[in-house]
Amino acid sequence: MITFPNAKINLGLNIVEKRPDGYHNLETIFYPINLQDALEVTRRENNDKEYTLHISGSPLEGEPEDNLVVKAYKLLKKDYPGLLPVDIHMYKHIPAGAGPSDAACIIKLLNDKFSLGLSTERMEEYAAKLGADCAFFIRNKPVFATGIGNLFEPVELSLKGYHIILIKPDIFVSTRDAFAEIKPVRPAVSLKEVVKQPIETWKSSMKNDFEDSVFKKFPEIAAIKDELYDLGAVYAAMSGSG
């Protein structure tokens, strides 16, 4: 069985408060986009190994057992010991850091292939154990995300008819460093309300709180945003924290 895990973007990102556990509560809009990997799961011919992972396309660092698709398989295997050995083939096209999509999709693949009978809600529970935003990709529809990016509320939003340009410069932005510069503030108007407004108004009302500190350290990223507006973009912003 094969599927095509897609990426998502953040539309706006507000850091609203620091939590007692050291994390931050945020609000953002998750929106799926048509930039995809390919993921295939087949039954192993023999039982010498629980799984094999074959990766092609863009290179990934790290050991196979640290990959989220393997962690997802092991998570289900723990509760379903009868889950059969598999060969996992993954073609990476999405830039590094898109593991949540692949992990959610393999949960859905294994559920279908081996008839585990998992409900959508149960698959979301498993995905959430692998990362704050993994569960988003189970339903894979636009949501207003809160908490640490793990609480979802559906939103009515379609960007059909718009061209989405995703630019990934060869610049590494440390999420830890980005958060270190943040001063949490609850916005006067929630993104849940902002996203209902005409897209032409987003330029002045939808912001990413990380831009202030990141643009200061990496002005070349700010220059990309400025150029997009110079070229006629109706809305342009940094997605996520890096």
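The values are calculated or read from the model by the stated rules, or taken from the named source; none is laboratory data. Just so you know, these numbers come straight off a predicted model, no measurement behind them. Glycine gets a Cβ as well: all are built from the backbone with ideal geometry, and neighbour counts include every protein chain shown. Keep in mind that these areas ignore ligands, DNA and RNA; they rest on the heavy atoms of the full protein, side chains included. Shrake-Rupley method; radii C 1.70, N 1.55, O 1.52, S 1.80 Å.
Using a 1.4 angstrom probe on the protein heavy atoms only, could you order 89, 163, 24 from most to least accessible area?
163, 89, 24
Give the percent of DSSP beta bridges with both residues in the chain that are antiparallel, rounded to the nearest 5.
In the chain, approximately 75 percent of DSSP beta bridges are antiparallel ones.
Computed from the mean reciprocal separation of all distinct C-alpha pairs, what Kirkwood hydrodynamic radius does segment 1-80 have, in Å?
About 16.2 Å, per the Kirkwood formula over Cα pairs.
Express the carbon and sulfur contribution to the solvent-accessible surface of the chain as a percent, rounded to the nearest whole number, probe 1.4 angstrom.
Summing carbon and sulfur atoms, their accessible area is 51 percent of the total for the chain.
Give the average over all directions of the projected area of the C-alpha convex hull of segment 140-215, one decimal, in nm².
Across all orientations, segment 140-215 yields a mean hull projection of 6.6 nm².
When ligands, DNA and RNA are left out and all protein chains stay put, how many square angstrom of accessible area per residue does segment 89-240 have with a 1.4 Å probe?
Result: 58 Å² per residue.
Could you check how many percent of all C-alpha pairs in the chain are farther apart than 31 Å?
Counting every Cα pair in the chain, those more than 31 Å apart make up 28 percent.
Note down the magnitude of the dipole of segment 105-175 about its Cα centre, charges +1 on Lys and Arg C-beta and -1 on Asp and Glu C-beta and zero elsewhere, to the nearest 20 debye.
In debye, rounded to 20, segment 105-175 gives about 200.
Going through the cross-link list 141/183; 129/183; 108/160; 71/168; 77/113, which pairs have a Cα-Cα distance over 19 Å in this structure?
141/183; 129/183; 108/160; 71/168
About the Cα centre, and with charges only on the beta carbon of Lys, Arg (+1) and Asp, Glu (-1), how big is the dipole of the chain? Nearest 20 debye, please.
That gives the chain a dipole magnitude of about 460 debye.
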